[in-house]
1. Among what's in the range 106-125 and is closer than 22 Å to I57 by Cβ and surrounded by fewer than 14 Cβ atoms within 10 Å (Cβ to Cβ), pick the residue that is modelled with the lowest pLDDT.
2. Restrict the check to the range 83-98 and report whether at least one residue is farther than 21 Å from Q8 by Cα and in contact with a His (Cβ under 6 Å, 6 or more places away or on another chain).
3. Of A48, A32, A15, which residue is among the small types (G, A, S) and free of Cβ contacts under 8 Å to residues at least 24 places away in the same chain?
4. Which one of these is at pLDDT 95 or above, surrounded by 18 or more Cβ atoms within 10 Å (Cβ to Cβ) and not in a loop (DSSP other than H, G, I, E, B): A48, A29?
5. Just one of the numbered conditions (1) in contact (Cβ under 8 Å) with a residue 40 or more places away in the chain; (2) surrounded by 17 or more Cβ atoms within 10 Å (Cβ to Cβ); (3) more than 12 Å from L133 (Cα to Cα) is not true of S67; which one?
6. Considering (1) within 18 Å of the chain's Cα centre (by Cα); (2) surrounded by 15 or more Cβ atoms within 10 Å (Cβ to Cβ), say which one Y102 fails and leave the rest.
7. Only one of (1) under 25 Å from G124 (Cα atoms); (2) without any contact (Cβ under 8 Å) to a residue 40 or more places away in the chain; (3) surrounded by 15 or more Cβ atoms within 10 Å (Cβ to Cβ); (4) not hydroxyl-bearing (S, T, Y) is not met by P4, so which one is it?
8. Would you mind telling me which numbered condition in (1) in contact (Cβ under 8 Å) with a residue 40 or more places away in the chain; (2) surrounded by 14 or more Cβ atoms within 10 Å (Cβ to Cβ); (3) in contact with a Phe, Trp or Tyr (Cβ under 8 Å, 6 or more places away or on another chain) F72 fails?
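The values are calculated or read from the model by the stated rules, or taken from the named source; none is laboratory data. The shown structure was predicted, so the numbers you read here are calculated from the model rather than taken from an experiment. For neighbour counting, all protein chains shown are included, and Cβ atoms are generated from backbone atoms with ideal geometry for every residue, glycine included.
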Amino acid sequence: MKKPFLEQLDHIGIAVSNLTEVIETLRDAFNAEPAFQETLNDQKVHVAGYILGQVAIEYLEPASEDSPIQKFLQKRGNGIHHLAFRVKNLETKLSQLQSKGYRLIDAYPRTGAEGKKIAFLHPGSFNGILIELSEY
């Protein structure tokens with residue numbers, strides 16, 4: 001049997017229009033505090049992450065009007081934005097996917113939340129689902 005390409009679910013990205021409200025709601029309802037909060041300037045997004053076992057929930061708020069998250073919110077409103085899977089050798093995985101004809105948003109890894117190397121795969125190649133691959 002072949003070894004699976006994906007190691008595990010890393011996180012679920014959820015687009016939100018107001019991160020402060022989300023944090024306050026989760027604090028009040030579940031006594032939950034973000035495990036991390038940061039702004040990714042190159043991706044134009046504010047992130048608050050909650051770690052649940054081995055999987056995180058990342059709430060994503062646009063940091064500018066031209067943020068990809070802002071575009072998502074205008075089309076769909078608050079909701080699941082992407083699924084992120086942990087992999088080893090991210091650059092090699094991207095090359096393999098590209099050679100098989102899959103569309104990539106990122107041909108090369110970039111830095112994501114918590115300093116992870118990340119790359120997004122185009123939803124057109126993955127049944128309409130935006131996929132992120134991440135490597136620690």
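1. Once the filter is applied, the top-ranked residue is G115.
2. Within the range 83-98, not a single residue is farther than 21 Å from Q8 by Cα and in contact with a His (Cβ under 6 Å, 6 or more places away or on another chain).
3. A32 is the lone residue from the list that is among the small types (G, A, S) and free of Cβ contacts under 8 Å to residues at least 24 places away in the same chain.
4. Only one candidate qualifies: A48.
5. (1)
6. If we test Y102 against (1) within 18 Å of the chain's Cα centre (by Cα); (2) surrounded by 15 or more Cβ atoms within 10 Å (Cβ to Cβ), just (1) comes out false.
7. Every condition holds for P4 apart from (3).
8. Here F72 clears every test but (3).
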